[in-house]
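Here is the structure we will look at.
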């Protein structure tokens, strides 16, 4: 792409991007005000108006960004899902026992709008997705007829399953490269907000959300050190910001300023580090290492990232916002158990013994009774489902047959990613 198109891509759009920034911040702040300071009746009207604007708007990337942020609950805002709560997203009841949130309605409307107005594109992973979807229908049907399914359990599971339709909706409605990048840019400010809520928790001893929704979040402590543990509220927002920043850095068609992108990367990594979440720390580390391995001028990229991270941490510790003892003693005190596991000392992990010898045998015993096809969304699944064992939960629900199809899908996905990386020339950090 020549210099003229590059200039058009960025400099001619910077004021539009700035207006998008201002607009999404205003809508987000208004959402906080409506949910936490007005009645449910006003909240229902407010979000219905936003949904109507989405249907009439041609800026679909803006509304996908907004409702994605809303669904993820940055800093635990909008994360209170209790039906009796006065500080939650409003519920719209259409049938007895069936209530939808604004996010649920958005997912449905986005799918219908995509079918009616979207640009249909063929999915490169269409075959494995169709096979997987067909098997899920089969597994759910078997579980329904053999083990029984309560209506509320079925509705809950079908709701999260339908959320995957957002992939199709996004692909059909936000298909231009500029729109995808503008979607990414709209999410970036909220990673700073999430990091701020974590720092506030460390310095004040209470979650920021509790000022708006009293006693919603209890005190969480680091199980290794006993100190406060600021768990990230809105993990997928942080993850998306982290990955999308690398993509923007790697794309020569959009000459975005690198320092803000570095700050997004550092804030994302800092959020995960402060939360001392071992799995996310491993994932983020692998992404960084993988990026520096495939990028040209990788040494400079690594040095730039580390230098800005060191600068940010220095400012935070020198100003007294976060103490050095907390960073090294609490956050790193839990994360260093990752290296104990790599050395084979699984027992060094604080909750490993309980999970391996108390929790795991329960789910394994149930899983072995129907190892081939699983229990679907039946009552059995809901009884034995354990949030600490995602891998085993997959077998519990869909059996070894379903697991093999998931593995097939991910093999195809990673093959596609690798082939895409080979076609991209990473000429960055000039």
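Between residue 204 and residue 323, the simple spin-label model (points 7 angstrom out along Cα→Cβ) gives 2.0 nm.
On alpha-carbon atoms, Rg over Rh for segment 72-164 using Kirkwood Rh?
Answer for segment 72-164: 1.03.
Report the label-to-label distance for residue 145 and residue 289 in nanometres (one decimal), using points 7 Å from each Cα along the Cα→Cβ vector. My value for the distance between the label points is 4.8 nm. In segment 351-412, the inverse of the mean reciprocal separation of distinct Cα atoms equals 11.8 Å; this is its Kirkwood hydrodynamic radius. Legend: ranking of residues 42, 187 from fewest to most surrounding C-beta atoms inside 10 Å; resulting order 42, 187.
Just so you know, all these numbers are worked out from the coordinates, no wet-lab data involved. These figures come from a predicted structure and were not determined experimentally. Neighbour counts run over all protein chains shown; Cβ positions are idealised from the backbone, glycine included.
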